[in-house]
1. Using a Gaussian network for the chain with springs between C-alpha atoms less than 10 Å apart, which of these wobbles most: THR106, THR67, THR114?
2. Does region 17-63 classify as rounded, prolate or oblate by the C-alpha gyration tensor (a ≥ b ≥ c root eigenvalues; a/c under 1.5 gives rounded; else a/b over b/c gives prolate, otherwise oblate)?
3. If you put +1 on each Lys and Arg Cβ and -1 on each Asp and Glu Cβ, how big is the dipole of the chain around its Cα centre, in Debye rounded to 20?
4. Test of understanding: what is the full-extension gain from GLN62 to SER32, defined as 0.36 nm times their sequence separation minus their Cα-Cα distance?
5. For region 16-145, what value does the Rg/Rh ratio take when both radii are computed over Cα atoms and Rh is the Kirkwood radius, given to two decimals?
6. About its Cα centre, how strong a charge dipole does region 17-63 have in debye, to the nearest 20, once Lys and Arg get +1 and Asp and Glu get -1 at the Cβ?
7. Find, among the GluC sites (Glu not before Pro) in region 45-149, those assigned to loop by DSSP (not H, G, I, E, B) with at most 12 other beta-carbon atoms within 10 angstrom.
8. Mind putting a number on the dipole of region 92-145 about its Cα centre? Charges go on the C-beta only, +1 for Lys and Arg and -1 for Asp and Glu, and I need it in Debye to the nearest 20.
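No lab work stands behind these numbers, since they all come straight from the coordinates. These figures come from a predicted structure and were not determined experimentally. Heads up, the Cβs are rebuilt from the backbone with ideal geometry, glycines too, and the neighbour counts pull from every protein chain shown.
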Amino acid sequence: MGDRSRAPKSHPNAIGADTEDRVIELREKHPSLGAARIRAYLEREEQTDPVPAESTVGAILQRNGLTVSRRRRESRRRGEPLADAGEANALWCIDYQGWFRTGDGTHIDPLTVTDAYSRYLFRCQRLAAADNAHSKPVLEAAFRQYGLL
């Protein structure tokens, strides 16, 4: 009685050596081609059957040292940590969530106003532009409604 390997005996979806060699050959011939373009070339020009997935082409390139890893950015620490809110309504967080287009193509900038202590959402309102002229009336209305003015 002994332990046996649990590795599969066959790999029916494995990419053949000829396809892997062709991917390497294409990359060496055209160094600017990435995994997506190599896959598209194999699918369009050579009708390789089966066409490997883009992730498989990328893995082949990486395994053979034909890619350069992206440099990871270091996270920068800001000067002061965010202030702690000791009680409700002591600190409000006002933020534009980033513009996007709606289903009908309208460009909007959503503005959110929340209480930092309770996480209560005072406002989430779409604005035509992320500027003082559009946000000031919304903020003044929120201040009036929730007792800060």
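1. Judging by the Gaussian network model, the answer is THR106.
2. Rounded, since a/c falls under 1.5.
3. Details: 23 positive and 21 negative charges, 68 e Å.
The calculation lands at about 320 debye.
4. 9.4 nm
5. 1.29
6. It comes to approximately 240 debye.
7. Loop-located and lightly packed - GLU74, GLU87.
8. It comes to approximately 100 debye.
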